[in-house]
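Inspection log for the structure reproduced underneath, given as structure tokens.
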Amino acid sequence: MAKITFITTDNKTITLEGTSGSVMQLAVDNSVPGIDGDCGGVCSCATCHVHVAPEHQTKTGEATEIETDMLELNDYANEQSRLCCQIEISDALDGIVLQVAESD
Amino acid sequence: MSDILTKESICVVIGASHAGVNLAFSLRKEGWEGSILLFDKDPEIPYHRPPLSKTYLSNEEVNVLKSAESYQKENINLNLGVLVRSINRTDKTIMLSDGTNQAYDKLVLATGARPIIPPISGIETATHLYPLRTAEDVGHIRNAFHTSKNKRVVILGGGYIGLETAASIKKLGGTVTVLERETRILARVTAPEMSDFFMNLHAENGVEVLTDKNVTAINGTNGVNMVICTDESQFEADIIVIGVGIRVNSELANSAGLVIENGILVDETACTNDKDIFAIGDCTFHYNPHYNRHVRLESVQNAVDQAKVAAAAICDKHPVYNTIPWFWSDQYDAKLQMVGLSEGYNETLIRKEESESTKISIWYFKDDILLAVDAINNPKAFVLGTKFIKDGSKIDKSKLVDVSVPLKPDELLFL
Ligand SMILES: Cc1cc2nc3c(=O)[nH]c(=O)nc-3n(C[C@H](O)[C@H](O)[C@H](O)COP(=O)(O)OP(=O)(O)OC[C@H]3O[C@@H](n4cnc5c(N)ncnc54)[C@H](O)[C@@H]3O)c2cc1C
Ligand code: FES
């Protein structure tokens, strides 16, 4: 079981518990604003963009090439960016904080 | 004068798939306080359709659009296994399959489309012949496949659904033949170079894809089907999957007197010719300002984005649907991402990131205007193409095909 905290673009804090599946699915199931997951998690839509706090990046691992490519021209992307459909939930994620990225 | 919408107002949505479900949740985001009632004849909790032809044949878990609890949380009334029979615009009611009526203040048609079953002689004699649109269809295909001894699968139609299904069934260990009537696969939607790419990809993976195969008859005896083409070639099949296209579910709208033109005609706010009735998703024929014409699209992007626009319009905001269409397809290890509408192109440029690589992008131009990009294993080309199309950027074509020039906006544009 992992406790995962989302901070929305209007600064609300939502803490959820998950055991399996992707972080995107957990967020969508709980209607976290700003995470739509339109493509169902196949890295095609970039509607699941989050920023991982630097101190938690070891827990989530680094973005893959395809994630960085998808965010290449995104004004709100930085080194902390991840597409959270690509982050699998496991106990290792317990306690992480994710900032939901802005979008146009 | 705009209507006064209150907590007592009722929004009824017919069809609970990508378009209908997204509309319901977007309505709440836009501040709709009244009731939201979603109806679908499918008894299954609404799910993502793209995985049906990609992963769902091997992975039996449906990928739900929203969890059951989220409907409750947002106070969205989800009614499954209920068919809507008719719309009465004078009374502002709909009639359900059990004969009861439901009143509405705003009505949204998100009825999507159904597969075309071609009028092939003897098709009714076939055993294990299935279309592929719903989770139930895939359930049938999967069961038939697992109980079949020889596992010979013939797929009619070399479009995305046919090809994705071919790849999925091959992965499960079947013998797969795809029969396409046209001279090349994906003829309607892509350039010949793309057709070649996918022909080779399937050949390398051991799937037989045959073009110029017009199926005229099916002869099903003793559980084995013989699929017969005009050129007299014949194919034995234990299972037949039909993937030859869709027909829009516009009958409800039509009999209610709404304007139909290659789909339900809607304006840039997804509104029909009745100000209280909206239509979204696969069932619509809508204006795309960027391409300056009406289009009908079959994509998740269109369903989701039109849902957002309609929700805003219903809440009396004034949105305009002005998105560049995009689409994806996954087959084997190839990830295809497409953006824009290529129709009307007079030039294609192909960029291969390295020689022999499978990182390819095809850029469709009409003179100097970029219309569309097909990117295989190359998200950078996809996002860059999206930007260029949106901005109407003028691209230096000689640089675009020169792979030593990086795929970056300032490298590729005329300054
Ligand atoms: C196998 C498959 C793979 C696909 N792959 C991709 C892909 O990779 N990328 C992509 O972008 N798109 C893909 N698509 C297309 C995408 O799924 C559709 O564009 C999308 O589902 C359209 O959503 P919709 O809500 O408009 O219509 P639909 O999904 O067709 O839903 C319409 C709903 O309305 C219901 N309905 C209709 N009439 C009535 C009635 N009278 N009463 C009650 N209910 C009714 C139906 O039961 C249905 O659930 C794929 C589609 C399929 C089938
Ligand atoms: S859900 Fe589409 S990229 Fe993550």
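Side notes on the structure shown:
- Residue among B:Glu74, B:Glu44 that alone is among the acidic types (Asp, Glu), touching a helix residue (DSSP H, G or I) at 6+ places or on another chain (Cβ under 6 Å) and away from chain A (no Cβ under 14 Å): B:Glu44
- Odd one out for B:Gln337 among (1) within 14 Å of another protein chain (Cβ to nearest Cβ); (2) touching a Leu at 6+ places or on another chain (Cβ under 9 Å): (2)
- Any hit, region B:327-340, residues being touching a residue at least 60 places away in the same chain (Cβ under 8 Å), of a type in the set (A, V, I, L, M, F, W, C) and over 16 Å from A:Cys39 (Cα atoms): yes
- Qualifying residue in region A:37-52 (condition: more than 13 Å from ligand 2 (Cβ to nearest atom) and surrounded by fewer than 15 Cβ atoms within 10 Å (Cβ to Cβ)): no
- Residue count for region A:55-77 satisfying the condition of being within 13 Å of the chain's Cα centre (by Cα) and away from every other protein chain (no Cβ under 11 Å): 7.
- The strands (runs of 3 or more DSSP E) falling completely within region A:24-104 that include 3 or more residues that are within 26 Å of B:Ser299 (Cβ to Cβ) map to A:81-83.
- Looking across region B:89-100 at every residue that is surrounded by 13 or more Cβ atoms within 10 Å (Cβ to Cβ) and not β-branched (Val, Ile, Thr), the one that is nearest to ligand 2 (Cβ to nearest atom) is identified as B:Leu96.
- The one condition in (1) surrounded by 15 or more Cβ atoms within 10 Å (Cβ to Cβ); (2) more than 15 Å from ligand 2 (Cβ to nearest atom); (3) of a type in the set (S, T, N, Q); (4) within 30 Å of B:Arg49 (Cβ to Cβ) that A:Ser20 fails to fulfil: (1)
- Of all residues in region A:13-25, those satisfying the criterion of being more than 10 Å from the chain's Cα centre (by Cα) and either within 16 Å of ligand 1 (Cβ to nearest atom) or modelled with pLDDT of 95 or more (or both) are A:Thr13, A:Ile14, A:Thr15, A:Leu16, A:Glu17.
- Flag set for A:Leu83, criterion: touching a Cys at 6+ places or on another chain (Cβ under 6 Å), modelled with pLDDT of 95 or more and within 12 Å of chain B (Cβ to nearest Cβ).
- Tallying residues that are in contact with a strand residue (DSSP E or B) (Cβ under 9 Å, 6 or more places away or on another chain), away from chain B (no Cβ under 12 Å) and modelled with pLDDT under 95 within region A:36-54 yields 1.
The values are calculated or read from the model by the stated rules, or taken from the named source; none is laboratory data. Small disclaimer: the values here were computed from a predicted structure and weren't measured. Backbone-built Cβ (ideal geometry, glycine too); neighbour counts: all protein chains shown.
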